[in-house]
Amino acid sequence: MKQNLFLNSLLRSGAILGLVMVASHCFEQCAVVYGGSMGWYTAMALEMLVATAVYVWLVYRLTKGYAADVMAAQRDVKFFSFGAGLGYATAISTLAGVIVGLGRYILHNVIIGHNLYNEKVISSVMEMLKANPETAPLMSTYNEMFSQMAAMPAPTIFQTILSTIFSYSVWGLIVGLLIAGFVKKEPNIFTPNQNE
């Protein structure tokens, strides 16, 4: 029963978090590739701040909901440990990383194309660097860096998914450390004496 509750909640919560973060990633990458101007980069920066806040809020709400379900399923002492909260937050973030990694691969390599993506990123950054006179002396350094970037082969689906899983697992662990402290429910072993 407890295992089914964990798996069902994990799959549902991980899918919700993953789909929200895939939508955020798609907007950010399309802003770079199809926008490529300073206005689009500003919008992307604002969206990233909002996406971070939404990510933290979603992990909190989903972990809190799971904690309530676990406590409702308990018969006698109602408790939800710090470790259970941390493990759940990390697990849903890791599952979201699988979904986001798959979405990243499809967007970069199938829809946009690896070479076109690199070209658009390099050209938009180059335009912004050329517009700033302070970066003119550094253009040769940037050109060498961009030529290396353009020559990089497209990552495989496994490389993309594994790198995304790693970053989302780390973020889940960091955010989970904070959230687990808020959602934990320790059992009250000292009941007040009614005769006093």
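In table form, for the structure just shown:
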read-out: Distance cut-off 20 Å, percentage of C-alpha pairs in the chain lying past it; value: 65 percent
read-out: PHE158 accessible area, assembled protein chains, probe 1.4 Å, Å²; value: 150 Å²
read-out: Solvent accessible area, Å² - ILE122, 1.4 Å probe, full protein context; value: 30 Å²
read-out: Accessible-area ranking of MET149, MET21, largest first, probe 1.4 Å; value: MET149, MET21
read-out: Helical mean residue ellipticity (222 nm; -39500 (n - 2.57) per DSSP H run of 4+; nearest 500) of the chain; value: -26500 deg cm²/dmol
read-out: Heavy-atom surface of the stretch 36-174, accessible at 1.4 Å and reported per residue (Å²); value: 58 Å²
read-out: Largest to smallest accessible area among TYR41, TYR88 [probe 1.4 Å]; value: TYR41, TYR88
read-out: Sequence-distant residues sharing a close amide H with LYS185 (under 5 Å, placed H); value: PHE80, SER81
read-out: Carbon and sulfur %, accessible surface of the chain computed with the full protein complex present, 1.4 Å; value: 68 percent
read-out: Three-way shape call for the stretch 49-161 based on the alpha-carbon gyration tensor, with the a/c threshold at 1.5; value: prolate
read-out: Heavy atoms of ILE16: accessible area, 1.4 Å probe, square angstrom to 10; value: 70 Å²
read-out: Max mean-square fluctuation residue, GNM over the chain, Cα-Cα springs under 10 Å, options GLY103, GLY39, GLY83; value: GLY39
read-out: The chain: DSSP helices with Cα axial extent of at least 24 Å and average Kyte-Doolittle hydropathy no lower than -1.0; value: 2-30, 38-73, 82-105, 114-131, 157-183
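The values are calculated or read from the model by the stated rules, or taken from the named source; none is laboratory data. Not measured: the values here are computed from a predicted model. Accessible surface areas use protein heavy atoms only, side chains included; no ligands, DNA or RNA. Shrake-Rupley method; radii C 1.70, N 1.55, O 1.52, S 1.80 Å.
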